[in-house]
1. How about segment 273-291: which of its residues are part of a loop (DSSP other than H, G, I, E, B), crowded, with 17+ Cβ neighbours inside 10 Å and not acidic (Asp, Glu)?
2. Here's a check for you: in segment 375-399, which residue that is part of a helix (DSSP H, G or I) and among the polar types (S, T, N, Q) is surrounded by the most Cβ atoms within 10 Å (Cβ to Cβ)?
3. Restricting to segment 33-47, name every residue that is surrounded by 14 or more Cβ atoms within 10 Å (Cβ to Cβ), farther than 17 Å from residue 159 by Cβ and of a type outside the set (A, V, I, L, M, F, W, C).
4. Check residue 104 against each of (1) under 18 Å from residue 134 (Cβ atoms); (2) surrounded by fewer than 18 Cβ atoms within 10 Å (Cβ to Cβ) and name the one condition it does not meet.
5. Scan segment 302-309 and tell me whether some residue there is touching a strand residue (DSSP E or B) at 6+ places or on another chain (Cβ under 9 Å), in a loop (DSSP other than H, G, I, E, B) and within 23 Å of residue 186 (Cβ to Cβ).
6. Here are the criteria: (1) of a type in the set (Asp, Glu); (2) outside any helix (DSSP H, G or I); (3) at pLDDT below 80. Tell me which single one residue 420 does not satisfy.
7. Could you identify the single residue in 419, 368, 410 that is in contact with a strand residue (DSSP E or B) (Cβ under 6 Å, 6 or more places away or on another chain) and either loosely packed, with under 10 Cβ neighbours inside 10 Å or in the same structural domain as residue 333 (by TED's automatic domain parsing) (or both)?
8. Taking the criterion of being in contact with a strand residue (DSSP E or B) (Cβ under 7 Å, 6 or more places away or on another chain) and either among the acidic types (Asp, Glu) or modelled with pLDDT under 85 (or both), would at least one residue in segment 27-43 satisfy it?
Amino acid sequence: MTAQSLLAYWWVLIPILVILLHKRILRVLFGMIIIPEDKIGLVTKKFVLVGNKSLPDGRIIASNGEAGYQIDPLPPGLHWAKWIWQYKIELQGFIAVGKGKIGLISAKDGAQLPNGHILAPSVECDNYQDSRAFMKNGGQKGKQTKYLNTGVYRINTLLFEVTLADVTAIEDGQVGVITTLDGVPLQDGQIAGKPVDGHNNFQNFEKFLENGGQKGLQTQFILAGSYTINPWAVKLETVPMTEIPIGNVGIIISYVGDEGEDVTGSDFKHGNIVKRGQKGVWDTPLDPGKYPINPQTTKMQIVPTTNLVLNWATGRSEAHNLDKNLSTITVRSKDGFTFNLDVSQIIHIPSTEAPKVIARFGSIQNLVSQVLEPLIGNYFRNSAQNSDVIAFLGTRQERQADAKEMIGRVVEQYNVHAVDTLIGDITPPSDLMKTLTDRKIAQEQKLTYTIECEAQNERKNLEAAKSLSDIQIKMVTAQQSVEIAQREAESIVKKSEGDAKAKILLAEADAKQIMLLGDAEASKIEAIGKATAQSFTLQVEAMGSTQFGNLKIIEKIAEGKIKIIPEIIFNGDGNNSNPITGLLGFELLKKIKDGNKEVL
């Protein structure tokens, strides 16, 4: 197809161009505009065709046909008479407030805020989606008290600016301390606003303002949880809950509340103690546990109710750290010596007396520094000045008992019970200690020498007794040997006598037998026997029967060559037996035998 033939069909292009450009044409010819369903049209009027309408001073939003930003945005749909040459249409997406967020609203136009206020009260305007209602109902310019919750909104951003903020979250174990940025000014003498009701933990700030809420620090606080709080209205600070450990109580000092009447009576003149909820020191202690305390309006003092040990010893401190500033006490004795001593004081504060202690001193640390530290230090300094060092060391127990009694009597005036006073290490002067040490060493050495001398004497006596014991053993052994020899000799004599009698009897038996052998032999033997008998008879008559028997025994012993008498017999003086003489003789005999010599 040639170029000429194409030109012949130029008219076909007209409907095509109309279809492609109809929106533009319709906008120009009829002012037609289509707003998508997920957007709105922000309208700016460039000029006014009829008349000379201008915005009032201080206004930026046109609500009566004036030129400028128009108060009414175009909702989704088809709109006419918005010619391109007179109106500028800007498409604006919906405002989406997601989960965990809130939408803060700031109005760019509206009535002026009253002096002293920073937030505008809310007006009926369909969550700021109806701009004309906002202006008509007296909406004020600036930051709004009301905010947008989770959702989708058609907001005219020519009038309103939307800022997304996080939902306020307070973790477990935390307390939300509130400072409001708007409200009625605090009265003179107040440091925090009085509690008001109905604001739902400051989430409905407009209700807070309506009920007379005051600007500034609040006595009310919020606990753990999630809250939709307007950060332009409320400043939040999280602090940990206050914990009272076991063995302690908490004394509340409130800086806010009604002025209370002192409950201690006229006898206690060191501060007011009031009922719970009033301004001052509360009379009721808090037991161990966790408590939500606003540290800017209320102060809690932890008071130990168990026995409390305080050390006056340099470098040593208990876990409570109340004695961290205490040090070893330096004293001077009557004889002019300076020395150090460590002291431990045990005190007890009853829970019922704890409010009085706090009312008097403000804290336990002040009790230690203002009363106990000077009291105990001066007591021991005074006590040391009345004694020399040696006497002080020797009377430690008595001084400890006196200190307990005196200190206990004094601290009772401060509602504190003194349990015990203990004296620890005492460090006397080194020169004096050297002298005492040398003296003690000399005394101990003298005692040691005396004991050693006595030991040597005892050893000497022991050796003598031991030698005597050895000699006595030998004497006993010798005496026993003599007795044994005598017994053996007597035994031998007895045996010889028995043998002689046996032989006599045997001879008589033999004689009778011989007589029976025959007459001849009997006659012979009879003759011999008679002769022998006559001979014996004569001998018996001459010697006696006993001597004759002994003679026969001796003859028999001689025939047998039996020794019945010791080779050597030692005796004393002839009258009494002397064991020593016998022992010496026995030893002499032993040595002679050992030398192979024979003594007859």
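1. The first filter runs over segment 273-291 and keeps only residues part of a loop (DSSP other than H, G, I, E, B), leaving 275-278, 283-285, 287-288.
Then keep just the ones that are crowded, with 17+ Cβ neighbours inside 10 Å; that gives 278, 283, 285.
Hits for segment 273-291 are 278, 285.
2. Start the filter on segment 375-399 by keeping residues that are part of a helix (DSSP H, G or I), which leaves 375-385, 389-394, 396-399.
In the following step, the residues that additionally are among the polar types (S, T, N, Q) were identified as 378, 382-383, 385, 397.
Values: 378: 11, 382: 10, 383: 17, 385: 11, 397: 9.
Ranking the qualifying residues of segment 375-399, first place goes to 383.
3. Answer for segment 33-47, where residues must be surrounded by 14 or more Cβ atoms within 10 Å (Cβ to Cβ), farther than 17 Å from residue 159 by Cβ and of a type outside the set (A, V, I, L, M, F, W, C): there is none.
4. With (1) under 18 Å from residue 134 (Cβ atoms); (2) surrounded by fewer than 18 Cβ atoms within 10 Å (Cβ to Cβ) applied to residue 104, the lone miss is (2).
5. No: segment 302-309 contains no residue that is touching a strand residue (DSSP E or B) at 6+ places or on another chain (Cβ under 9 Å), in a loop (DSSP other than H, G, I, E, B) and within 23 Å of residue 186 (Cβ to Cβ).
6. (3)
7. 419 is the lone residue from the list that is in contact with a strand residue (DSSP E or B) (Cβ under 6 Å, 6 or more places away or on another chain) and either loosely packed, with under 10 Cβ neighbours inside 10 Å or in the same structural domain as residue 333 (by TED's automatic domain parsing) (or both).
8. There is at least one residue in segment 27-43 that is in contact with a strand residue (DSSP E or B) (Cβ under 7 Å, 6 or more places away or on another chain) and either among the acidic types (Asp, Glu) or modelled with pLDDT under 85 (or both).
The values are calculated or read from the model by the stated rules, or taken from the named source; none is laboratory data. Not measured: the values here are computed from a predicted model. FYI the Cβ positions are ideal-geometry reconstructions off the backbone, even for glycines, and counts take in every protein chain you see.
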